[in-house]
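What follows is a short report on a single structure.
All of the numbers you see were taken from the coordinates with simple rules; none came from a lab. Please read all numbers here as calculations on a predicted model, not as lab measurements. A quick note on method: Cβ atoms are made from the backbone with ideal geometry, for glycine too, and the neighbour counts reach across all protein chains shown.
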Amino acid sequence: MSIFREGILKGRVALVTGGGSGIGAGIAKRLAEQGAKVMLLGRRPEMLDAVGGEIRAKGGVAIGQPTDVREYADVEKAVERTASELGGLDIVVSSAAGNFLSPAATLSANGFKAVVAIDLLGTFNVCRAAFAHLSKQGGSIVSISAPQAFVPTALQVHVGAAKAGIEKMTRDLALEWGGAGIRVNTVVPGPIEDTEGMRRLAPEDPATQAKMKQRLPLGRWG
Ligand code: HXC
């Protein structure tokens, strides 16, 4: 018997961008454990298959659709498939993100644009495409932000700009869509262990890592 049947999200449908890895995959699995049917979006089909397979093996419901969140038409297709195959849409988690370390002085315009397009435009695309469904009976949007949105951070000017944009857009959408019964929020995780972001950003040197952890209230990665 499934361990997922009686969760608090039983009967709900969730769509998670960046659902094939890292924070998005973790959230997708928790949503499924709580009974939600889940659509996973990401660029790499094999990652979606792996996460979806893990959820299904435990008795949950998950499907995946390879999608680049920068392409509105593809995002809209995925949203429509979610609603038709899973029976609606109640929850959107925007977790797809791009990141690399680069000094601002040598970052190309295209490099800046790539991250802003994945993080900020991608979040707009999924919110916009989902509105028609979320507004039917109310729903919730949660976008994954980052401390870089608020804290001056070297080598992260592209990420900071994108995440700060997500923060402001979230407030605007919360105002515009609250009347339609849609809650719009961000979550701002710090460094989360075993994610692609940390593999790209965290220093390899254990002593430097230990120093970074000292600045965190719990003294460890999430
Ligand atoms: C400088 C770089 C670069 C690097 C790419 N670019 N990597 N510039 N340093 N390391 C430049 C390229 O030269 C190019 O510009 C432009 O960016 C686009 O690169 P592409 O490879 O063509 O783009 P694309 O294939 O779309 O890749 C997007 C990407 C990539 C963001 C560049 O790294 C990616 O998709 N990463 C996977 C997702 C990811 O990183 N997830 C972790 C997110 S963690 P030119 O000018 O040459 O054309 C996170 C928060 C962590 O967001 C917070 C922790 C506290």
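Pairs of alpha-carbon atoms within less than 8 angstrom and 6+ residues apart define the contacts here; what relative contact order does region 72-195 have, in percent?
29
Test of understanding: express the Cα radius of gyration of the chain as a ratio to 2.2 N^0.38 Å, with N the residue count.
Its radius of gyration relative to the 2.2 N^0.38 Å reference: 1.02.
Lys/Arg Cβ at +1, Asp/Glu Cβ at -1, dipole of region 3-118 taken about the Cα centre: which of 32, 89, 18 is farthest positive-ward?
Sorting the options by dipole projection puts first 32.
Specify, per residue and in Å³, the volume enclosed by the convex hull of the alpha carbon atoms belonging to region 69-161.
Cα convex hull per residue, to the nearest whole number: 87 Å³.
Please report the equivalent ellipsoid semi-axes of region 6-65, computed as sqrt(5 x eigenvalue) of the Cα gyration tensor, largest first, in whole Å.
For region 6-65, the semi-axes come out at 17, 11, 9 Å.
Beyond 18 Å, how much of the Cα-Cα pair distribution for region 136-222 remains, as a whole percent?
54
What is the fewest-to-most order of 39, 212 by other Cβ atoms lying within 10 Å of their Cβ?
Listed from fewest to most nearby Cβ atoms, that is 212, 39.
I need 124, 150 ordered by Cβ neighbour count within 10 Å, fewest first.
150, 124
Among 44, 215, rank each residue by its count of other Cβ atoms within 10 Å, from fewest to most, as a rough exposure measure.
Sorted ascending by nearby Cβ count, the order is 215, 44.
Apply the a/c threshold of 1.5 to the C-alpha gyration tensor of region 1-113 and tell me whether it is rounded, prolate or oblate.
prolate
By the gyration tensor of its Cα atoms, with a ≥ b ≥ c the square roots of the eigenvalues, what is the shape of region 48-92: rounded for a/c under 1.5, prolate for a/b over b/c, or oblate?
Note, shape of region 48-92 comes out oblate.
Over what distance in Å are the Cα centres of region 18-59 and region 113-132 separated?
Spelled out, the Cα-based centre of one part sits 20 Å from the other.
Under the rule of at least 5 residues apart or a separate chain, name every residue whose amide H is placed under 5 Å from the amide H of residue 141.
For residue 141, the qualifying residues are 92, 183, 184, 185.
Taking the Cα centre of region 1-160 as origin, sum charge times position over the Cβ atoms of Lys and Arg (+1) and Asp and Glu (-1), and report the length of that vector in debye to the nearest 20.
240
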